[in-house]
1. Taking R0 as 25 Å, what's the FRET efficiency between GLN29 and VAL107 from their Cβ-Cβ distance, rounded to 0.05?
2. So I have (1) 56, 33, 26; (2) 46, 30, 30; (3) 80, 27, 24, and one of them is Cα extents along the principal axes in Å calculated from this model. Which one is it?
3. Applying 1/(1 + (r/R0)^6) with R0 = 45 Å to the Cβ-Cβ distance of ASP139 and ASN37, what FRET efficiency is obtained, to the nearest 0.05?
4. Could you count how many Lys pairs in segment 51-170 have their Cα atoms under 28 Å apart, skipping same-chain pairs fewer than 8 positions apart?
5. So how strong a dipole does segment 58-170 carry about its Cα centre when Lys and Arg Cβ are +1 and Asp and Glu Cβ are -1, to the nearest 20 debye?
6. For segment 44-54, what does the Karplus curve 6.51 cos²θ - 1.76 cosθ + 1.60, with θ = phi - 60°, yield as ³J(HN,Hα) per residue in whole Hz, taken in order and with x for Gly and Pro?
7. Along the Cα-to-C-beta direction of ALA92, a point sits 7 Å from the Cα; which residues of segment 114-136 have their amide N less than 15 Å from that point?
8. Once fully extended, how much extra length lies between THR125 and LYS85, figured as 0.36 nm per residue of separation less the alpha-carbon to alpha-carbon distance?
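The values are calculated or read from the model by the stated rules, or taken from the named source; none is laboratory data. All values derive from a computational prediction rather than experimental measurement. Cβ atoms come from the backbone with ideal geometry, glycine included; neighbour counts cover every protein chain shown. Note: areas computed on protein heavy atoms with side chains; ligands, DNA, RNA excluded. Shrake-Rupley method; radii C 1.70, N 1.55, O 1.52, S 1.80 Å.
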Amino acid sequence: MADGFTIDEKSFGFTIDEKSFGTLPQRIQALGERLANLDPILKRRAALLGSVIDESFRASRSPNGAGWQALAASTVEKRRQGSSKPLLDTGALRQASNAQVRSKAIVFGTSGAPAKYGVFHVTGTSTMPRRAYLPMDEDGNPDFSSGPAAAWLEKTRADVIAYVIHGTRP
């Protein structure tokens, strides 16, 4: 092309030619504005991570897909609600678990009083099996390597890129 050039679409996802070259400054400005304000896409993805966490409680499995060990019969007998589902006796831990946006990042965890004992469920102890309800490994580090957590991360990457490059909101 004499008056324009092409950027490989496989690498960057768009083509610049003589027709679109005049709009390039506006496109770059819009891209910069979206990079400066990721809140619209991050808030949506944080809410969906909250759903992944909530589903862990409902399905009695970690966000990475590993099923939780069943409660001992003696534990079920002591529970206020008599439920055999792990981590659901009072619902306090489930209600205190969340994901939110802070400083262009999605932060997840447990707030309030339940945070004091939640970590022991995530990591396990010598007397209590690990029942991770947050996407974390046994050392307490973020873990999005498999299951619903991995699917959430992959979709989040794709959605953020689509938002920044094209302004697309899911």
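1. Values: r = 29 Å, r/R0 = 1.17.
Calculated transfer efficiency: 0.30.
2. Evaluating Cα extents along the principal axes in Å on these atoms matches (3).
3. Numbers: r = 34 Å, r/R0 = 0.76.
So the FRET efficiency works out to roughly 0.85.
4. On the way: LYS78/LYS116; LYS85/LYS116; LYS104/LYS116; LYS104/LYS155.
Summing the qualifying lysine pairs gives 4.
5. 380
6. 5, 5, 5, 4, 6, 5, x, 5, 4, 5, 4
7. It comes to 114-121, nothing else.
8. 12.5 nm
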